[in-house]
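Enquirer: After the structure tokens below, expect a handful of questions from me.
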Amino acid sequence: MIVLGIETSCDETAAAVIEENNVLSSIISSQEVHAQFGGVVPELASRAHIRLIVPIVERALKQADKSLHEIDGFAVTYGPGLVGALLVGLNFVKGMVTATGKPFVGVNHIEGHIYGNILSQPKIEFPIIFLIVSGGHTQLVLMEDHLKYRIIGKTRDDAVGEAFDKGAKLLGLGYPGGPMIDKLAQKGDPDFVKFPRAMLKNAPFDFSYSGLKTSLLVYLKNISEEEKQKHLNDICASYQKAAVEVLIKKTLLAARKYKAKRIALAGGVAANSLLRSWLQKVCEQEGLELYLPELKYCTDNAAMIARVGLEYLKHGITSPLTLNAYPALKLKEAGK
Ligand SMILES: Nc1ncnc2c1ncn2[C@@H]1O[C@H](COP(=O)(O)OP(=O)(O)OP(=O)(O)O)[C@@H](O)[C@H]1O
Ligand SMILES: [Mg+2]
């Protein structure tokens with residue numbers, strides 16, 4: 001089965017063609033217009049998607065060496081995300097569905113991140129504890145089979161990606177800040193500043209990241225600009241260690257509690273080098289299997305959306321042309 005996937009939930013316009021598990025093309029255009037504002041401006045994102053969607057889909061088809069009529073089905077993100085941005089992708093797919101008479105399915109963006117990991121695994125076994133860490137989400141999900149999820153923990157305030165981005169902004173590092181903190185942290189002392197770890201003893205699988213950001217703000221207020229510049233790498237390393245340590249501990253605890261022998265990472269923050277190496281080390285120690293996503297499928301892309309679509313379409317699950325965009329769409333849990 002050949003599936004064309006489209007992703008326009010935030011500031012990436014992306015299209016991909018997959019044939020079963022093989023990615024034939026994956027084209028991503030990251031909108032640079034937002035960098036000057038330090039975050040995504042929704043209306044500018046929608047307008048950029050409208051400009052980019054046709055050339056990006058054309059490039060994806062060309063690189064895959066397929067014509068539109070060779071596509072067996074379409075997959076498109078219909079939430080969560082920015083409503084105007086989602087509508088561009090969704091309506092474009094509806095146009096292609098009308099023109100070709102082929103089916104389509106609306107995909108949850110977070111489910112997409114999960115399949116961004118599965119996409120490159122030669123073999124996958126369940127149950128898996130999935131740690132989903134992105135710009136807007138921090139969740140622990142027990143996945144018992146394909147398309148079957150149980151959310152066992154989530155953030156109560158900021159997502160961990162947001163903590164990286166807001167921390168980077170406070171440090172004057174630009175947007176998105178995660179990759180920059182990761183880079184500088186590699187040359188710093190992770191024990192230079194003792195930032196807090198919110199373990200939430202009464203909710204062992206939930207997260208809270210707003211306190212970490214505030215503690216950085218308070219710390220920076222009490223040091224001089226000169227000291228900040230001198231120890232920038234050390235501050236980044238300490239901040240990153242505090243953010244990552246909580247993820248590692250809670251994920252391991254979840255694997256033990258739910259007797260899962262496998263852990264998987266998904267979402268933009270899954271590209272973080274400390275998170276990957278630390279998780280690799282503890283999984284080896286604990287005899288757990290670890291599924292790491294390829295770096296190119298961590299942040300937003302359309303191959304992951306196409307891969308979820310393939311799974312649904314193969315099960316005969318399609319969406320109607322009346323499907324709307326849902327900015328606050330939740331991951332559908334098994335049995336609910
Ligand atoms: N190496 C890295 N270390 C830490 N964070 C990173 C790294 N690379 C990317 N990120 C973070 O990943 C996030 C972007 O990931 P992603 O594209 O999955 O998020 P999103 O699509 O904006 O949010 P969501 O998927 O929740 O809707 C940003 O917060 C960015 O700072
Ligand atoms: Mg995302």
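Enquirer: Taking L131, is it modelled with pLDDT of 95 or more, more than 16 Å from ligand 2 (Cβ to nearest atom) and either touching a strand residue (DSSP E or B) at 6+ places or on another chain (Cβ under 9 Å) or of a type in the set (S, T, N, Q) (or both)?
Expert: No; evaluated as a whole, the condition is false for this residue.
Enquirer: Kindly indicate which of L274, L290 is among the aliphatic types (A, V, I, L, M), more than 16 Å from ligand 2 (Cβ to nearest atom), in contact (Cβ under 8 Å) with a residue 12 or more places away in the chain and assigned to a helix (DSSP H, G or I).
Expert: Exactly one residue qualifies, and that residue is L274.
Enquirer: Checking K250 against (1) away from ligand 2 (no atom under 16 Å from the Cβ); (2) farther than 16 Å from V160 by Cα; (3) in a helix (DSSP H, G or I); (4) in contact with a strand residue (DSSP E or B) (Cβ under 8 Å, 6 or more places away or on another chain), only one condition comes out false. Which one?
Expert: All conditions pass for K250, except number (2).
Enquirer: Another question, if that's okay. What is the one condition in (1) modelled with pLDDT under 95; (2) within 16 Å of ligand 1 (Cβ to nearest atom) that A185 does not satisfy?
Expert: Status for A185: all satisfied but (1).
Enquirer: Let me ask something else. Please verify whether G153 is away from ligand 2 (no atom under 16 Å from the Cβ), closer than 30 Å to K228 by Cα and either outside any helix (DSSP H, G or I) or outside the structural domain of K228 (by TED's automatic domain parsing) (or both), treating the condition exactly as stated.
Expert: no
Enquirer: Just to be sure before I move on: is A198 within 19 Å of L142 (Cβ to Cβ), assigned to a loop (DSSP other than H, G, I, E, B) and either more than 16 Å from ligand 2 (Cβ to nearest atom) or at pLDDT 95 or above (or both) in the structure I sent?
Expert: Taking the combined requirement at face value, the residue does not satisfy it.
The values are calculated or read from the model by the stated rules, or taken from the named source; none is laboratory data. Every value quoted in this text rests on a predicted model; they were computed, and no experiment measured them. Methodologically, a virtual Cβ is constructed for each residue, glycine included, from the backbone with ideal geometry; neighbour enumeration extends over all protein chains shown.
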